[in-house]
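A short reminder: the numbers here are calculations on the coordinates, not readings from a lab. A quick note: this is a predicted structure, and the numbers were derived from the prediction, not measured. Glycine gets a Cβ as well: all are built from the backbone with ideal geometry, and neighbour counts include every protein chain shown.
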Amino acid sequence: MSSPPVFPDGFLWGAATAAHQIEGSPLADGAGPSIWTRFAHTPGMTHNGDTGDVACDHYRRFKSDVALMRELGLKAYRFSISWSRVLPEGRGRINHAGLDFYSRLVDELLENGITPLATLFHWDLPAALDDRGGWLNPDIAHWFADYATTMYRALDGRVPRWVTLNEPWVVTDGGYLHGALAPGHRSRYEAPIASHHLLRAHGAAVQAYRAVGKHEIGLVVNLEPKYPASESADDAAAVKRAHAYMNRQYLDPVFYGSYPQELREIFGDAWPEWPQADFDLIKTKFDFLGINYYTRSVTQATESYPLRAGAVKQALGTYTETGWEVFPQGLTDTLTWVKERYGDIPLYITENGAAFFDPPTADGDRVRDPLRIDYLRKHIGAVKNAIAAGCDIRGYMVWSLLDNLEWSLGYSKRFGIVHVNYGTQQRTPKDSARWYSKVIASNGAALAEPLPY
Ligand code: BGC
């Protein structure tokens, strides 16, 4: 008797990207600048001064990129929409040429049998809205819902799954607290305000969807399990706070309508109080949760605590080019924790992947990336284990389809399963892409096959 398939029928195997990281041509055809265009053009803000002006030139090459996705057998493609391409000032006037780009992309995907999953906000806030305070201005919830409604009206007939926000934690921690990401602020006071308005914007966009949309809408968060560096009570307390800050800060409000108590201790006098009506909006029911998983952190109580809990490197660990430990068990642990704490909402792995140093080798156009194959194989195995443990996981998206612009780190880190030569824009599927194609074609059975090395 054959055992039942582990990955459910119709499991969405795909790959993910984001507008600023791949599109290029950020000001083409009437688009307005985003905070990332402005940030990257500010001297000293990105590695090597790298900008998204060209990136992977996907704006002009989207048809051949979709052909490549089809060749690889992807069932789904998660992309993001650049808000300021569609609304150059962030609100009001629609730039139809920008909207049309996403319409043509969606058509192309559907014609090639690939399901689109559209993210409304993946960090590239219109610069015109930042000039009005960006995520610190309470009006942004309505600006976002209006923009979202424009997109639903244009594309919901063809896009079955929407994501409101990608990783609100990174937006506030990187953009408003530590300043490594746009808009580059460093303020303990601003971070919780930006978080709250991101959550209100999420709730407002879900409510707007119920009025106009007919399919599904969800939220994407990045989760990183925390393990204590020692058995000391101090480290246990540090883990609890780091976990509340990174993993519960957004999920507790959207599921339960309140912030974790620990955030008050962490932010001290910078922690604001909010009206109950805000939480009624924030906990508007949505249809699925997307989880981005890359690594874990082994946490220690240090002097820099609480907002930068000390992460301890493991002597025997394997680390990626971004310095992240390869820890697949953390993905299973995270998924089972989400189910236990927040219940049975359908889950998607909306990002998982790794940057490794894998230049094209001398033998023709082959790119050998055994470390990435190993990483993906173990993490997809971790998803399989979570499904076996009862988690309702409906899809898995590799980060990323293409090598691309890694935000402030510029083009120095390559996450793609497809290599991009930034001089010629030539795409070369890496060995990991070929391997992933087999996993998709076999609905996961190829995980058990010997590796090509
Ligand atoms: C983001 C991606 C990013 C990736 C790797 C995620 O935080 O959503 O845009 O490239 O991680 O750092």
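Loop-located trypsin sites (Lys or Arg not before Pro) in the range 262-350 (DSSP state other than H, G, I, E, B) with a sparse environment of at most 15 neighbouring Cβ atoms within 10 Å: Lys285, Arg308, Lys313.
Placing dummy labels 7 Å off each Cα toward the beta-carbon, the span from Asp344 to Ala97 is 5.1 nm. Note on the chain: dipole from Cβ charges, positive end direction compared against Pro260, Trp337, Gly364; the farthest Cα belongs to Gly364. Suppose we look only past 34 Å in the calculated P(r) of the chain. What percent of the Cα-Cα pairs does that tail hold? Tail of the P(r) past 34 Å holds 28 percent of the pairs. When the chain is described by a simple charge dipole with +1 on each Lys and Arg Cβ and -1 on each Asp and Glu Cβ, the residue from Ser64, Ala28, Ala270 located farthest towards its positive end is Ser64. Partner aspartates and glutamates whose Cα lies under 13 Å from the Cα of Lys413, excluding those fewer than 8 positions away in the same chain, are identified as Asp50, Glu321, Asp358, Asp403.
Cross-link pairs exceeding 18 Å between alpha carbons, from the set Lys240/Lys285; Lys378/Lys438; Lys384/Lys430; Lys75/Lys438: Lys240/Lys285; Lys384/Lys430. Only one residue of Ala448, Trp123, Trp324 has its Cα farthest out toward the positive end of the dipole of the range 12-448, where Lys and Arg carry +1 and Asp and Glu -1 on Cβ, and that residue is Ala448.
Couplings 3J(HN,Hα) of the range 331-346, computed from phi: 6, 4, 4, 5, 5, 6, 5, 4, 5, 5, 7, 10, x, 9, 6, x Hz, in residue order, whole Hz [Karplus 6.51 cos²θ - 1.76 cosθ + 1.60, θ = phi - 60°; x for Gly and Pro]. Residues whose amide H lies under 5 Å from that of Tyr227, counting only those 5 or more places away or on a different chain, are Ser297, Val298, Thr299; hydrogens are built 1.01 Å from N in the peptide plane.
Couplings 3J(HN,Hα) for the range 31-37, derived from phi with the Karplus relation 6.51 cos²θ - 1.76 cosθ + 1.60 (θ = phi - 60°), are 5, x, x, 9, 5, 6, 5 Hz, where x marks Gly and Pro. The phi-based Karplus calculation (6.51 cos²θ - 1.76 cosθ + 1.60; θ = phi - 60°) puts the 3J(HN,Hα) values of the range 43-55 at x, x, 8, 10, 3, 6, x, 4, 10, x, 4, 10, 6 Hz, whole numbers, x for Gly and Pro. In this structure the amide hydrogen of Leu181, modeled in the peptide plane, comes within under 5 Å of the amide hydrogens of Gly175, none closer than 5 places in sequence on its chain. Net length available on complete extension from Ala277 to Thr302 is 5.3 nm, with 0.36 nm assigned per residue and the Cα-Cα distance removed.
Per residue, how big is the convex hull around the C-alpha atoms of the range 317-453? Give it to me in cubic angstrom, could you? Don't jump to the answer; show the numbers that get you there.
Working: hull volume 17.5 nm³, N = 137.
Taking the convex hull of the Cα positions in the range 317-453, it is 128 Å³ per residue.
For the chain, a simple Cβ point-charge model (Lys and Arg +1, Asp and Glu -1, everything else neutral) yields a dipole of about 660 debye relative to the Cα centre.
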